[in-house]
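The block underneath contains the structure these notes are about, expressed in structure tokens.
The values are calculated or read from the model by the stated rules, or taken from the named source; none is laboratory data. From a predicted model like this one, the values you see are computed outputs, not experimental measurements. Reconstructed Cβ throughout: ideal geometry from the backbone, glycine too, with neighbour counts over all protein chains shown. For accessibility, only protein heavy atoms count, side chains too; no ligands or nucleic acids. Shrake-Rupley method; radii C 1.70, N 1.55, O 1.52, S 1.80 Å.
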2 protein chains.
Amino acid sequence: MHTLTPSLPQIAALIGEPARASMLTALMAGKALTATELALEADISSQTASSHLAKLLNAGLLQVLKQGRHKYFRLHSAEVAALLESLLNLSVSLTPLNVSTGPQDPALRFARVCYDHLAGELGVRLYAGLLTEGLITEQDTQASLTEKGVRFFEGKGCDVERLRRSKRPLCRACLDWSERRHHLAGSLGYWLLQDVMSKGWVTRQPDSRALLFSPSGKRALCKHYPLQTRAC
Amino acid sequence: MHTLTPSLPQIAALIGEPARASMLTALMAGKALTATELALEADISSQTASSHLAKLLNAGLLQVLKQGRHKYFRLHSAEVAALLESLLNLSVSLTPLNVSTGPQDPALRFARVCYDHLAGELGVRLYAGLLTEGLITEQDTQASLTEKGVRFFEGKGCDVERLRRSKRPLCRACLDWSERRHHLAGSLGYWLLQDVMSKGWVTRQPDSRALLFSPSGKRALCKHYPLQTRAC
DNA sequence: CTGATGCTTCGACGGCCATCGAACTATGCA
DNA sequence: TGCATAGTTCGATGGCCGTCGAAGCATCAG
């Protein structure tokens, strides 16, 4: 429960502590994690983690779900995720271009989860393909589904109208951490990731944001979605 | 110049210090301010302010412009402003509804500048009016100009296509600090404020984010733009 | 040159808070 | 019932950093 109404600098200070920032970015993957998992993620003791998590809860940045002797934490709302995302984007945009960006792990660079949608090289190529096929249009960080795009996704079994009625924006362009180009976020980005996961084309690597594509899954993705070729 | 590439928690920690947060939010008004003005704003000595400003500059959050013996600071980019805005929005949305929100000054509550667009009661009523007239549509924080809206604004002398080509999004719904309802942001929001200011309907109060509408200016605004009535 | 103003650097002080050991409670398993 | 594990509370320690006084540059006015 929130005891004090957190002000802007208080929220920023909470995120400004490296251990807490580690936990929060770990939760960007969208999965709920336990206190010990988060302690490992941040490389701190469980006591310290407990104190941090209490503060984040108290400020309303996290939700908690008790299950037996475990406590599962997740981000409180999409607004919190959006804040973390804009922080991440800013830190990326402030980083000089000559240093290598993002994670080193090739699997992470290739395909990973960003909060709840597809990121990495594959996410960027998919977004670019949707754009060149005229299925979405872009104006800065604001993307919209075209008429053609609506027909395309409904042909894949997506209830676009239902997504549109949800609280989150339908399409958003999210700046990719490692690629520095946009990938698809928003409720449609969420639906898309769910779709390719439900079809078994991809599986989540345990304890990581990385996504593992089977060879056949990768072929299927290329066939059913317009991926831009690597070259460009 | 940026010596180190600031990471996410570093950026957050910079904003998390109350004095620095004061300076940054003061700069949200869009005007460039001198070091002493910012020191006054944050209620700290000039030495301390100098140290804070050096850190913000070094992290790439601010730009500086030397003019004689003065230094004018402003936010480095629209991305920084967007980050501050999402922080502000989150702190508003986390604040319980039973406490009075936003500034006490009635002039500030009525009309003020939010970075570079119109906020306050008038901004909220204008946004609602645009919505009910079908000039814009809204899906969560994503607003778009309708065909009718394009014709409306072009009739007012706005080059919508040019705005669309700018780096910023054309329309954005920005959660109003005092009113807790949306007002119009994005490049169109910027154009609109410039328009009403160039027409002399409103003037900026010196050293404040408040906007002063003359009686005739207010009438003109009501006549030329669809303001929602106070009641709703 | 002289004085005034804007801003910076240096150094010392002080407070806040992240950290972890130790001890404790709560849940699950056999 | 007893042991193991998850999580919390308390207290002591230590480090980081915001703060301002004093002194030092730079710029401008005369």
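Brief remarks follow.
- Pair list, Cβ < 9 Å and 6+ apart or interchain, from the range B:182-196 residues that are in a helix (DSSP H, G or I) to residues that are acidic (Asp, Glu) and modelled with pLDDT of 90 or more: B:Trp191/B:Asp159
- Qualifying residue in the range B:3-13 (condition: part of a loop (DSSP other than H, G, I, E, B), more than 10 Å from DNA strand D (Cβ to nearest atom), closer than 17 Å to B:Ser77 by Cβ and β-branched (Val, Ile, Thr)): yes
- Positions within the range A:39-56 being in contact with a strand residue (DSSP E or B) (Cβ under 9 Å, 6 or more places away or on another chain) and more than 8 Å from DNA strand D (Cβ to nearest atom), in sequence order: A:Glu41, A:Leu56
- Look at the range A:29-55: where a residue is without any contact (Cβ under 8 Å) to a residue 60 or more places away in the chain and a partner is near DNA strand D (Cβ under 8 Å from one of its atoms) and of a type in the set (Phe, Trp, Tyr), sitting 6+ places away or on another chain with Cβ atoms under 7 Å, you get A:Ala32/A:Tyr72; A:Leu33/A:Tyr72; A:Thr34/A:Tyr72.
- With respect to being within 13 Å of another protein chain (Cβ to nearest Cβ), modelled with pLDDT of 85 or more and in contact with a strand residue (DSSP E or B) (Cβ under 9 Å, 6 or more places away or on another chain), B:Leu88 fits the description.
- Contact map, the range A:155-166: residues that are under 19 Å from B:Ser144 (Cβ atoms) paired with residues that are open to solvent by 80 Å² or more (accessible area, probe 1.4 Å), Cβ distance under 6 Å, separation 6+ or inter-chain. Pairs shown: A:Val160/A:Glu154.
- Yes/no for A:Ala54 being modelled with pLDDT of 90 or more and either farther than 18 Å from A:Asp116 by Cα or polar (S, T, N, Q) (or both): yes
Conditions tested, residue by residue: (1) modelled with pLDDT of 90 or more; (2) under 21 Å from the mean Cα position of the chain (by Cα); (3) surrounded by fewer than 16 Cβ atoms within 10 Å (Cβ to Cβ).
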position: B:Gly200; (1), (2), (3): no, yes, yes
position: B:Arg209; (1), (2), (3): no, yes, no
position: B:Arg219; (1), (2), (3): no, no, yes
position: B:Thr229; (1), (2), (3): no, no, yes
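- Whichever residue in the range A:34-85 is open to solvent by 40 Å² or more (accessible area, probe 1.4 Å) and within 11 Å of chain B (Cβ to nearest Cβ) and, among such residues, is nearest to DNA strand C (Cβ to nearest atom): A:Asn58
- Conditions (1) part of a strand (DSSP E or B); (2) modelled with pLDDT under 85; (3) among the β-branched types (Val, Ile, Thr); number of the one not met by B:Val99: (1)
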